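Colleague: Handing you a structure now.
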Amino acid sequence: MAKEIYTKYKMAKYLRKEALPTALCPGCGGGTVLNAFANAIDQLGIDPRDLVVVSGIGCSAWIASPYFLADTLHTTHGRAIAYATGVKVGLPDKKVVVISGDGDLAGIGGNHLIHAARRNIDITVILVNNFIYGMTGGQVAPTTPFGAITTTSPYRNVEHPLNIAETVTSAGASYVARWTTFHVYQLIESIKRALSVKGFALVEAISQCPVQFGRRNRMKTPTEMLRWFQRNSVLISKARNMSPNELEGKIVVGELVNREKPEFTEELNSLIEEVSKHYGLGDNNAD
Amino acid sequence: MPMRKVMKCNEAAAWAAKLAKPKVVAAFPITPSTLVPEKISEFIADGEMDAEFIKVESEHSAISACVGASAAGVRAFTATASQGLALMHEVLFIAAGMRLPIVIAIGNRSLSAPINIWNDWQDSISERDTGWMQFYAENNQEALDLILIAFKVAENERVLLPAMVGFDAFILTHTVEPVEIPDQEVVDEFLGEYVPKHAYLDPAKPITQGALGFPAHYMEVRYTVWEAMENARQVIEEVFDEFEKKFGRRYYMIEEYKTDDAEIILLTMGSLAGTLKDFVDKKREEGVKIGAAKMTVYRPFPIEEFRALAKKAKVLAILEKDISFGISGAVFADAGRVLVNEKEKPILLDFIIGLGGRDVTFENLEEVVEISKKALVGEKVEEVNWIGLRKEIL
């Protein structure tokens, strides 16, 4: 079975075979995200040796680490973007990608997400939003839909979820898109664009967690969850003409923003050059 | 009548919290402790527990919310482990410095890197200098009892320091054992309602907590924390006595097992103490004069009890699931401080064992005894020994 996958699955060349099969639960959307990411890398012709993939803690942090065959830095809970900022400043020529979950990047690490976007540092973040803390057993997250059942909101969630893509757009990112694991081709296209733009890019990938979220919310199977994504998604062009009431509980998908803005590491390096020149200091980039 | 139920240690900790009636519980999920707040949230949702449960966005926020609650004069509780406790680090100092009697249940787990979710004590041991008292449970019953004891000691006017109660990840947190749940009325008598008699935030009498302490005052404030920790020794003894009277179970700072005529004594903390007792029985049958000891209280360090234990042994072997890189295990380093000026002292040996969930087997313990025996007959042995290392992959 495993061998067959290696010969038939074209993206297998991007995977660390000795680490497979993945630790993800059957039906998890993480595999779809991994597949979309590999396809995007493949279609763009990016050499994996030019990639540094950083992740935090949680199920979605496992999507790239250890399975994706590139340098991967597996870090602490919530701080992946802070680590990635260091990597990007140190190695500005590399493509630095963060793949991690909603609880990790928007919950405990939300501050880093906002400030990396504000700084517009050239990092691509694939934020896998499954509405729940999956790894620890399905506790309520800052992304859990209003009214949803979780292990720590057994009757219903009385808090409203954070709109991640909208927040990051407001914070100043160059590129922001949101799709679900139902929209595989659109997801690949957006990841490609996110990897291509200069500046902070976020792709929020709404993903199914049938084990911890679905089964407590009347969607026991991955198929039911994907159907929910299909039925419940509204294209952003359509959503612009809808009232907040009409949009309650909907998933707005599409590209939220794609704009050119000064990028942090470039600005930083040109500032260093400028100041060095002003004070007659030597070539700062000399080894 | 006390009720006996079969439960995981995490549930026992949640039951302890329920019995202690904190007004605020703030927690963030982390393996292996998640079940503690999960169970508490059930108690609260079912109306069995009257507390505010705050689902915060990080452990840093969890302990910060507890500091806020405790500073406002109510009993506060949380649970965490490993990286979660490490993330709480800066706030732990603040809780102790503000003299807030918060209690944390810790499912003792290793620290990254590499990521590892299994048992050792590196998380709480690394917080030994924060000014928190530390208790370690051997089994689920002890975890429940020690949480109640921790509240009682922490809230004592002579102490007023926060406390953490550690129990081994998975070995205890996820293992079911019969646990006696004390009657609520007896716990109420034991703990009483928490009425802060010291300074707390009361809008009627405004004060500032945690403000700047200039060099002219800072050292004195820190000294009072030292003093409180020193006072805690006596208070812990008193509370152990009272606990025994109320609940019939006796605790000791250091509990000894077959140590009276022992030449070699193995000392440890947590669930490993149970393994040691079985091992000692086996070795006794083989005619080896060996005993075991369990340290239940690590901070304050049981200095006198440790010295008394040391007097009985020719070789005192410390088995610990932590390492302070560049010196030794933390308990061994502390033990050195305790014995340094003693005229008669045993050979003290350190055994680093069971890190990151590595099982501690009788074979490992045989190795400990072999090294100890060598030391006993005057052979030179290493002071710090890593036991059970897979040398073939190094």
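Colleague: Within region A:118-152, track down each residue that is free of Cβ contacts under 8 Å to residues at least 40 places away in the same chain, among the aliphatic types (A, V, I, L, M) and touching a Lys or Arg at 6+ places or on another chain (Cβ under 6 Å).
Modeller: Within region A:118-152, just A:Val140 meets the criteria.
Colleague: Counting only residues that are surrounded by fewer than 19 Cβ atoms within 10 Å (Cβ to Cβ) and under 21 Å from A:Leu105 (Cα atoms), which one in region A:149-160 is farthest from the other protein chains (Cβ to nearest Cβ)?
Modeller: Among residues in region A:149-160 that are surrounded by fewer than 19 Cβ atoms within 10 Å (Cβ to Cβ) and under 21 Å from A:Leu105 (Cα atoms), the one farthest from the other protein chains (Cβ to nearest Cβ) is A:His160.
Colleague: Sticking with this structure for a sec: Identify, by number, the condition in (1) modelled with pLDDT of 95 or more; (2) within 14 Å of chain B (Cβ to nearest Cβ); (3) over 22 Å from A:Asn111 (Cβ atoms) that A:Ile164 doesn't meet.
Modeller: Looking at each condition in turn, A:Ile164 falls short on (3).
Colleague: How many of the residues making up region A:58-80 are touching a residue at least 60 places away in the same chain (Cβ under 8 Å) and within 14 Å of chain B (Cβ to nearest Cβ)?
Modeller: The qualifying residues number 2.
Colleague: Condition first: of a type in the set (D, E, K, R), surrounded by 13 or more Cβ atoms within 10 Å (Cβ to Cβ), more than 13 Å from the chain's Cα centre (by Cα) and at pLDDT below 95. Can you find one or more residues in region A:43-54 that meet it?
Modeller: Taking every residue of region A:43-54 in turn, none turns out to be of a type in the set (D, E, K, R), surrounded by 13 or more Cβ atoms within 10 Å (Cβ to Cβ), more than 13 Å from the chain's Cα centre (by Cα) and at pLDDT below 95.
Colleague: Something else about it: For region B:335-355, give me each residue that is open to solvent by 20 Å² or more (accessible area, probe 1.4 Å), assigned to a helix (DSSP H, G or I) and out of contact with any Lys or Arg (no Cβ under 8 Å at 6 or more places or on another chain).
Modeller: Correct list: B:Gly336, B:Arg337.
Colleague: For a quick check of your reading of the model, give me the residue pairs whose first member lies in region B:106-122 and is in contact (Cβ under 8 Å) with a residue 12 or more places away in the chain and within 14 Å of chain A (Cβ to nearest Cβ), whose second is among the polar types (S, T, N, Q) and open to solvent by 20 Å² or more (accessible area, probe 1.4 Å), with beta-carbon atoms closer than 6 Å and at least 6 apart or on different chains.
Modeller: Close Cβ pairs satisfying both conditions: B:Ser110/B:Asn116; B:Ser110/B:Gln122; B:Leu111/B:Gln122; B:Ile117/B:Thr31.
Residues checked against (1) in contact with a helix residue (DSSP H, G or I) (Cβ under 7 Å, 6 or more places away or on another chain); (2) within 11 Å of chain A (Cβ to nearest Cβ):
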site: B:Pro22; (1), (2): no, no
site: B:Ala27; (1), (2): yes, yes
site: B:Thr78; (1), (2): yes, no
site: B:Leu85; (1), (2): yes, no
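Colleague: Name the strands (runs of 3 or more DSSP E) wholly within region A:192-275 that hold at least 1 residues that are open to solvent by 40 Å² or more (accessible area, probe 1.4 Å)?
Modeller: The strands (runs of 3 or more DSSP E) meeting that bar are A:233-235, A:251-258.
Colleague: Within region B:300-312, can you find the residues that are charged (D, E, K, R) and either buried (at least 21 other Cβ atoms within 10 Å of the Cβ) or not assigned by TED's automatic domain parsing to the domain that holds B:Ile265 (or both)?
Modeller: B:Glu305
Colleague: Still on this model: Out of the residues in region A:111-125 that are farther than 16 Å from A:Val197 by Cα and more than 13 Å from the chain's Cα centre (by Cα), state the one that is most open to solvent (accessible area, probe 1.4 Å).
Modeller: My answer is A:Asn111.
Colleague: Considering only region B:161-174, state which residues are open to solvent by less than 10 Å² (accessible area, probe 1.4 Å) and part of a loop (DSSP other than H, G, I, E, B).
Modeller: Within region B:161-174, B:Leu161, B:Pro162, B:Ala169, B:Leu172, B:Thr173 qualify.
Colleague: Okay, moving on. Of the conditions (1) closer than 28 Å to A:Glu224 by Cα; (2) open to solvent by 30 Å² or more (accessible area, probe 1.4 Å), A:Tyr6 fails just one. Which one is it?
Modeller: (1)
Colleague: Is it true that some residue in region A:95-106 is of a type outside the set (D, E, K, R) and surrounded by fewer than 18 Cβ atoms within 10 Å (Cβ to Cβ)?
Modeller: no
Colleague: Sticking with this one: With the condition being open to solvent by 10 Å² or more (accessible area, probe 1.4 Å), I'd like the strands (runs of 3 or more DSSP E) fully within region B:217-299 carrying at least 2 qualifying residues.
Modeller: Where strands (runs of 3 or more DSSP E) fall fully within region B:217-299 and carry at least 2 residues being open to solvent by 10 Å² or more (accessible area, probe 1.4 Å), they are B:254-257.
Colleague: Something else: I'd like to know if region B:385-394 contains one or more residues that are more than 26 Å from B:Ser126 (Cβ to Cβ), modelled with pLDDT of 95 or more, buried (at least 17 other Cβ atoms within 10 Å of the Cβ) and touching a strand residue (DSSP E or B) at 6+ places or on another chain (Cβ under 7 Å).
Modeller: Checked against the condition, which is being more than 26 Å from B:Ser126 (Cβ to Cβ), modelled with pLDDT of 95 or more, buried (at least 17 other Cβ atoms within 10 Å of the Cβ) and touching a strand residue (DSSP E or B) at 6+ places or on another chain (Cβ under 7 Å), region B:385-394 yields no hits at all.
Colleague: Can I ask one more? For B:Lys18, which of the numbered conditions (1) in contact (Cβ under 8 Å) with a residue 12 or more places away in the chain; (2) open to solvent by 10 Å² or more (accessible area, probe 1.4 Å); (3) within 13 Å of another protein chain (Cβ to nearest Cβ); (4) assigned to a helix (DSSP H, G or I) fails to hold?
Modeller: Only one criterion is unmet by B:Lys18, namely (3).
Colleague: Name the pairs: first residue in region A:198-209 and modelled with pLDDT of 95 or more, second residue aliphatic (A, V, I, L, M) and open to solvent by 10 Å² or more (accessible area, probe 1.4 Å), Cβ to Cβ under 6 Å, at least 6 apart or on different chains?
Modeller: These pairs meet every condition: A:Ile206/A:Ile251.
Colleague: Right, here's the next one. Conditions: (1) within 14 Å of another protein chain (Cβ to nearest Cβ); (2) under 25 Å from A:Lys220 (Cβ atoms); (3) under 16 Å from the mean Cα position of the chain (by Cα). A:Val128 meets all but one. Number of the miss?
Modeller: Every condition holds for A:Val128 apart from (1).
Colleague: Taking region B:35-62 as the search range and keeping residues that are in a loop (DSSP other than H, G, I, E, B) and either farther than 20 Å from B:Leu92 by Cβ or among the aromatic types (Phe, Trp, Tyr) (or both), which one is most open to solvent (accessible area, probe 1.4 Å)?
Modeller: Residue satisfying both the conditions and the ranking: B:Asp50.
Colleague: Next question, about the same structure. Is it the case that B:Met98 is open to solvent by 10 Å² or more (accessible area, probe 1.4 Å), modelled with pLDDT of 95 or more and of a type in the set (A, V, I, L, M, F, W, C)?
Modeller: For B:Met98, the condition - open to solvent by 10 Å² or more (accessible area, probe 1.4 Å), modelled with pLDDT of 95 or more and of a type in the set (A, V, I, L, M, F, W, C) - is met.
Colleague: Is it true that some residue in region A:22-32 is open to solvent by 50 Å² or more (accessible area, probe 1.4 Å) and assigned to a helix (DSSP H, G or I)?
Modeller: no
The values are calculated or read from the model by the stated rules, or taken from the named source; none is laboratory data. Being a predicted model, the structure only gives us computed values, none of them experimental. Because the Cβ atoms are built from the backbone with ideal geometry, glycine has one as well, and the counts that use them run over all protein chains shown. We work out accessible area using only protein heavy atoms, side chains counted, and drop any ligands, DNA or RNA first. Shrake-Rupley method; radii C 1.70, N 1.55, O 1.52, S 1.80 Å.
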